[in-house]
Amino acid sequence: MRLTYAATLRTCFAASMVQAIVNTFITLLFVTFQQDYGVSLEWIAAIISTNFLLQLTVDLVSARFLDKVGYRVAAVVAHILAAVGLVELALLPSIMAPHRGIAIAVITYALGGGLLEVIVSPMAESCPTENKERTMSFLHSFYCWGHMTMIIVSTIFFTLFGIHHWKLLAVLWALVPLTNAFFLAKVPMKPLLPDHMASATIRELLSKKIFYLMLVYMVCAGSAELTVSQWSSAFAEEGLGVSKTVGDLAGPLFFALLMGIARICYSRFGERIQLQQFMLFSALLCLACYLVIALSPIPAVSLVACGICGFSVGIFWPGTFSMASKTIRNGGTPMFALLALGGDLGCAVGPAVAGFVSGATGGNLRTGILVGAAFPAVMAAALLFHRQRKSRQ
């Protein structure tokens, strides 16, 4: 059977779900690691930082070599690394010092996850589709669905068979990237740019003023998304009066659900919506949600605002990718890699700023969220500046 570009898009959608699996699965096991292996919270924080720093490094390095290697090889290698990392997570803590085995597994799948973050969007962008913006939004919705599916399936598995069987579940999740790698080796692929057009170099990209504006969008997108999603479980516990376990599920799932719905809505009705206007509306809505979360005296209202915030940030990441592709025609893979780097930087900066401010004010999360409102505010200001600049031109 001859595979078409529709099959290529489906492998891209599955790759987004693989990203969600490798980024989220270990977070469900932190308490188990503490109980079974005696690891400290400081060590867990270091592991999270290692995962993030490795993905940042891959974002930066891949800007130079991906066009030479090609999407197919990079995609297959990324999926294999993701699968191997999950299997290592199940096996290595039993055959060596647990903290060392977990660290090796995280490093392995972080390399795969970093590669996926860079290549999935340009792979989808290169497919011959009628509306690139709608395709990009639909693609990024699968990260949300993957995140939700992973949490729900894992929770059901732990409920039925017990948390002590988590190693078996890690191996089962590894089958997802392995299966997708098989199809990626067979589906048709084409270059992101025509043969007569070379990708811009990093120096050329950095010489374009509009590229810096796109970087601002990405940093604000990552910050606005992660600052609230990271603290959503705390608001779920406070607003609903539920246990931490239920709060960890309710808060992030509510946020991810509405973020995915926003991306699906744009993918369905994008032809009737002007992207830049929708992003500006979303930025203003996001700012309003931050203010409600921080200032509302009713915890349940703050929780609802957390969910609506997920809807408001949904278009930021895929919308910026689409806007950059239209604005910088020869950006190619280096552009996607550097934009991913900006997004990851925002994912680190936003929660860090909110956490630092919260700690400095006696653990007041609302104060940290209030300061974090600067990110959607900057996003809105940058979009207004961009619109005025286009009007003048």
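The values are calculated or read from the model by the stated rules, or taken from the named source; none is laboratory data. Since the model is a prediction, treat every value here as computed from it, not as a measurement. With ideal geometry, Cβ positions are generated from the backbone for all residues, glycine too; neighbour counts draw on all protein chains shown. The protein model used for the area step is the full one, side chains on, heavy atoms only, and it has no ligands, DNA or RNA in it. Shrake-Rupley method; radii C 1.70, N 1.55, O 1.52, S 1.80 Å.
Can you pull the percent of the chain's accessible area that's carbon plus sulfur, 1.4 Å probe, other chains left in place?
67 percent
Where does the range 253-356 land on the Kirkwood hydrodynamic radius, alpha-carbon pairs, in angstrom?
Over the range 253-356, the inverse of the mean reciprocal pair distance is 15.0 Å.
Let's test the formula: R0 of 22 Å, r as the Cβ-Cβ distance of Q274 and N330. What FRET efficiency results, to the nearest 0.05?
0.35
I'd like the Karplus ³J(HN,Hα) series for the range 179-184: coefficients 6.51, -1.76, 1.60, θ = phi - 60°, whole numbers in Hz, and an x wherever there's a Gly or Pro.
In residue order, the calculated couplings are 5, 5, 4, 4, 6, 4 Hz.
Take the eigenvalues of the Cα gyration tensor for the range 1-131, scale each by 5, and report the square roots as semi-axes in whole Å, largest first.
Ellipsoid semi-axes (Å, largest first): 31, 15, 12.
Based on the Cα atoms of the chain, what semi-axes does the equivalent ellipsoid have, where each is the square root of 5 times one gyration tensor eigenvalue, given in whole Å with the largest first?
The equivalent ellipsoid of the chain has semi-axes of 31, 28, 19 Å.
Give me the log10 of I(q) over I(0) for the range 112-155 at q = 0.17, 0.21, 0.27 Å⁻¹, as the Debye formula computes it from C-alpha points; what are the numbers?
-0.57, -0.76, -0.96
How high is the relative contact order of the chain, in percent, counting Cα pairs under 8 Å that sit 6 or more residues apart?
23 percent
Using only the alpha-carbon atoms, what does the range 89-131 span along each of its principal axes? Please give whole angstrom values in decreasing order.
The principal-axis extents, from largest down, are 52, 14, 10 Å.
Normalised by the empirical 2.2 N^0.38 Å for globular proteins, what value does the Cα Rg of the range 298-393 take?
1.32
Please give the per residue accessible area of the chain, computed with a probe of 1.4 Å over protein heavy atoms only, in Å².
43 Å²
Using only helices, what value at 222 nm comes out for the chain when you add -39,500 (n - 2.57) per DSSP H run of length 4 or more and divide by the total residues, to the nearest 500 deg cm²/dmol?
So the calculated ellipticity at 222 nm is -28500 deg cm²/dmol.
Name the residues of the range 359-393 whose amide N is less than 15 Å from a point 7 angstrom out from the Cα of L291 along the C-beta direction?
Counting only backbone N, you get 370-381.
How many nm is it between the label spots at R392 and L175, if each spot is 7 Å from the Cα in line with the beta carbon?
5.9 nm
Using every Cα-Cα pair within the range 64-172, state what percent have a distance larger than 18 Å.
62 percent
Where does the range 135-193 land on Rg(C-alpha)/(2.2 N^0.38 Å)? Before the final figure, lay out each step's value.
Working: Rg = 15.5 Å, N = 59, 2.2 N^0.38 = 10.4 Å.
Dividing the Cα Rg of the range 135-193 by 2.2 N^0.38 Å gives 1.50.
Over the Cα atoms of the range 263-313, compute the convex hull volume and normalise it per residue, giving Å³.
With only Cα atoms used, the range 263-313 gives 60 Å³ per residue.
With each label point set 7 Å from Cα along the Cα-Cβ vector, what nm distance links T32 and R100?
2.3 nm
Solvent-accessible area of H140, probe 1.4 Å, all protein chains present, reported in Å² to the nearest ten, please.
In the full protein context, H140 sits at about 30 Å².
If packing is taken as the average number of other Cβ atoms within 10 Å across a peptide's residues, how do 329-339, 100-110 rank, most packed first?
Order by mean packing, descending: 329-339, 100-110.
For R10 and F385, compute 0.36 nm times the residue count separating them, minus their Cα-Cα distance, and round to one decimal in nm. Could you put the intermediate results ahead of the total?
Values: separation 375, 0.36 × 375 = 135.00 nm, distance 3.63 nm.
Fully extending the segment from R10 to F385 adds 131.4 nm.
From Cα coordinates alone, what are the radius of gyration and Dmax values for the range 109-222 in angstrom?
Cα only, the range 109-222: 18.7, 57 Å (Rg, Dmax).
Can you tell me the order of 146-157, 294-305, 19-30 when each peptide is scored by its average per-residue count of other Cβ atoms within 10 angstrom, highest first?
Peptide ranking by packing, descending: 19-30, 146-157, 294-305.
Alpha carbon centre of the range 109-132 versus the range 272-331: separation in Å?
22 Å
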